[in-house]
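Structure first, then comments.
The values are calculated or read from the model by the stated rules, or taken from the named source; none is laboratory data. Just so it is clear, the model here is predicted, and its values are computed rather than measured. Neighbour counts are summed over all protein chains in view; Cβ atoms, including those assigned to glycine, are modelled from backbone coordinates with ideal geometry. Just the protein is used for accessible areas: all its heavy atoms, side chains included, with ligands, DNA and RNA removed. Shrake-Rupley method; radii C 1.70, N 1.55, O 1.52, S 1.80 Å.
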Amino acid sequence: MQSLIGTGVALVTPFKKDFSLDTEALTRIVNFQIDNGIDYLVVLGTTAENATLSQEEKELVITTVINANNGRLPLVLGVGGNNTYKVVEELKTRDFSNFVAVLSVSPYYNKPTQEGIYQHFKAVAEASPIPVILYNVPGRTASNMLPSTVLRLANDFKNVVAIKEAAGDIVQAMKLIQGKPEGFLVISGDDMVTLPMVLAGGSGVISVIGEGFPRQFSDMVRLGLERKVDEAYKLHYLLAEAIDMIFEQGNPAGIKEVFKTLGLSENTVRLPLVNVNQDLADRLNKFVKSL
């Protein structure tokens, strides 16, 4: 899965001021990523505010990204949830001809045991016609997928090819990197620890900050993969303040504020999310302009 090495971004779903889907803005955002060095795009990941989208809107997002991308970059589709049967049904019925892999989040709210997580992803792996990227984000799912469970899945199913690891725990990430089978990719899901993970043997990132600053962040990841440590850390520290800010009042409210400053889209989010406050908006605006 060489196409998943480097910098992927979890695309937001832009809305107009009236909260309707903004396909023109989504097209601009896709082109902005491609024009500035991003390696692949993740469609309908959790950053896309999936929980607030109708099925019709999800299909429109998929179609818009496929058309805007026009075959230029590999595409990954988010297919996950806490109803295993529903996830399996989508995997069995959807056309994946435009995608290289699916990104599947660990079940949220239910708080399954490690055996429950394993059985969920066993069903996902057996149903998916394309490679599967596991997604561990315990801060949102309320359950941590332990390295032992990840490595069990990686060894048992050839189409489980990677994990997006977003526990924010560099020690856990290093255990995954140390124990993984050959060819399995450990991908950062936490922007602030992306460079340390890459230098430890990780394969890159699926990023949020990279969406707003694609040239700088993708250059950082490339330099890290090339072991040009000092140059890579210069870019890390250049962006570190912005990484903190975009998550300060929730994702994707922060990155959408960046997009507004860049002129790519409105900063609109759907309830229960709300826009960042004016203080944070001013600080983000100042950072974007200074950069």
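Charging the Cβ of each Asp and Glu at -1 and of each Lys and Arg at +1, and nothing else, the dipole of the range 177-241 about its Cα centre rounds to 160 debye.
Note on the chain: dipole from Cβ charges, positive end direction compared against Met197, Ala232, Leu11; the farthest Cα belongs to Met197.
The magnitude of the dipole of the chain, with charges of +1 and -1 set on the Cβ of Lys/Arg and Asp/Glu and taken from the Cα centre, is near 280 debye. So, with a 1.4 angstrom probe, what is the percent of accessible area on the range 140-231 that is carbon and sulfur? So the carbon and sulfur contribution to the accessible surface is 50 percent. What is the distance in Å between the Cα centroid of the range 17-34 and that of the range 73-117? For the range 17-34 versus the range 73-117, the Cα centre distance is 24 Å.
Within the same chain, aspartates and glutamates fewer than 8 places from Lys286 are excluded, and of the rest, those with a Cα less than 12 Å from its Cα are Glu241, Glu257. The charge dipole of the range 189-291, taken about the Cα centre with unit charges on the Cβ atoms of Lys, Arg (+1) and Asp, Glu (-1), comes to about 220 debye, rounded to the nearest 20. Entry note, the range 52-175: relative contact order of 22 percent, from Cα contacts under 8 Å with a spacing of 6+ residues. Projecting the Cα atoms of Ser265, Ser143, Phe121 onto the dipole axis of the chain, where Lys and Arg carry +1 and Asp and Glu carry -1 at the beta carbon, places Phe121 farthest toward the positive end.
When both the range 225-280 and the range 149-174 are represented by their alpha-carbon centers, they are found 26 Å apart.
Compactness ratio of the range 171-270: Cα Rg over 2.2 N^0.38 Å, N = residue count?
Cα Rg divided by the expected 2.2 N^0.38 Å: 1.15.
Among DSSP beta bridges whose residues both lie in the chain, state the antiparallel percentage, nearest 5. About 5 percent, rounded to the nearest 5. Only Cα pairs under 8 Å and 6+ residues apart enter the sum, and on that basis the relative contact order of the range 127-276 stands at 14 percent.
Kindly rank 199-210, 167-178, 101-112, 226-237 from highest to lowest mean number of other beta carbons found within 10 Å of each residue.
199-210, 101-112, 167-178, 226-237
A straight Cα-to-Cα reach below 30 Å connects Lys175 with the lysines Lys111, Lys122, Lys158, Lys164, Lys228, Lys234, residues fewer than 8 places away in its own chain not being considered. Projecting each Cα onto the charge dipole of the chain (Lys/Arg +1, Asp/Glu -1 at the beta carbon, about the Cα centre), which of Tyr109, Thr84, Asn275 comes out farthest on the positive side? With unit charges placed on the Cβ atoms, the residue in question is Thr84. Mean residue ellipticity, 222 nm, helices only, the chain: the sum of -39500 (n - 2.57) across DSSP H runs of n ≥ 4, divided by residue count and rounded to 500, is -14500 deg cm²/dmol.
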